Ligand code: SF4
């Protein structure tokens, strides 16, 4: 079976840095945006030329803040992908945006250029939490951005929220959920706040200026969200993701099914042809690496590749298990697993699987292995034992 490639594009620029964010993003680099777009197009060309005829099923502009690009820049990038890859007619083309960067006019242009799915970083409806995150928008701007997106013709819209935040209460979280549901997104992603090294949030907690997020309270928040979203007819399909029918994120499903994706842009990651790789982090080094390149590259490597690791069979099995068990409905199809690895998953991990089936954390039948409702909060423990 030929699997279409997913393409991730990392746009490494932000207006300001959010206090919890450890992504590879840079502020005050607007003058680099245009040379970066040229370099990205060059990297896409090199990637496509090293794999002629490669089908592409999804494209994802992530970041960073892709909505800092102009519609013309986005159009040029999409045109390059269509020139050097075989983009499927029904391709999902997503773009992440900050609620305060976008107008209906901007979004209408994006829609015309081929973006058909929008993901808005709502993060919270609570102004004190948005301030703590150093986000540049408020809740009214999120609501206006959603209306603008609908008016511009976006019929696939995601909203992100963060829970497990210092000082956040269950009722405050409930308020954010209610505000988010009132906006009727087609897809919802909920992320537990991670205290990433090097972020102000991590430093404030380490120095006692903010309380350590309470894990039990975060678990209650997750449970509350699960109930509310089910009550509003959202289907959970991944540990952190819910959708209305027909609105699952096909791009992210590619990751969770451990299928190939190419990552272009500074700090992007990719996994294709048995190689897991990343590109150089610095936008300046990225631009430089793609200047005056004449030698052909071997897919998925490009001149901007920083690190590449061959994934052996046992690593591929572990990664397929960990990613696949995140899919709460689909789980891991046993027949597909046998076709891919020549061995039955239940045979391979009989002891661990039996143990967690007995605890009620895993479900196994003749077709699938998947995590149960109770297993969702303990998934990391199960993953650790499976690798
Ligand atoms: S806008 Fe997104 S990528 Fe940029 S700093 Fe904030 S969280 Fe990070």
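All of the numbers you see were taken from the coordinates with simple rules; none came from a lab. Note that the structure is predicted; figures quoted are calculated from it, not measured. Backbone-built Cβ (ideal geometry, glycine too); neighbour counts: all protein chains shown.
Rg of the Cα atoms in the range 115-169, relative to 2.2 N^0.38 Å, amounts to 1.23.
Once the mean 1/r over all distinct Cα pairs of the range 183-292 is inverted, what Kirkwood radius in angstroms do you read off?
Over the range 183-292, the inverse of the mean reciprocal pair distance is 17.5 Å.
With R₀ set to 30 Å, the beta-carbon distance separating residue 72 from residue 143 gives a calculated FRET efficiency near 0.60. Our analysis of the range 5-84 gives Rg over Rh at 1.00, with the two radii drawn from alpha carbon positions and Rh computed by the Kirkwood formula.
Model label sites at residue 381 and residue 215, defined 7 Å from Cα along the beta-carbon direction, differ in position by 1.0 nm.
Projecting the alpha carbon convex hull of the range 232-387 along each direction and taking the average yields 11.5 nm². Can you give the % of DSSP beta bridges in the range 5-255 that are antiparallel, to the nearest 5? Beta bridges within the range 5-255, antiparallel portion: roughly 20 percent. Here the mean projected area of the convex hull built on the C-alpha positions of the range 1-142 is 9.4 nm².
Footprinting exposure proxy ranking of 346, 338, fewest other C-beta atoms within 10 angstrom first, gives 338, 346. Residue ranges 83-93, 108-118 sort as 108-118, 83-93 when ordered by packing (mean number of other C-beta atoms within 10 Å per residue, highest first).
Working from label points 7 Å from Cα in the Cα-to-Cβ sense, the residue 182 to residue 294 distance is 6.3 nm. Placing a label point 7 Å from the Cα of residue 343 along the Cα-to-Cβ line, the residues of the range 302-335 whose backbone N sits under 19 Å from it are 311-325, 332-335. Rg ratio for the chain: its Cα radius of gyration over 2.2 N^0.38 Å, N being its residue count, equals 0.99. Between residue 55 and residue 282, the simple spin-label model (points 7 angstrom out along Cα→Cβ) gives 4.1 nm. When the convex hull of its Cα atoms is viewed from all sides, the range 329-386 shows a mean projected area of 3.7 nm².
For the peptides 143-153, 207-217, 56-66, 26-36, residues were scored by their other Cβ atoms within 10 Å and the scores averaged per peptide; the highest-first order is 56-66, 143-153, 26-36, 207-217.
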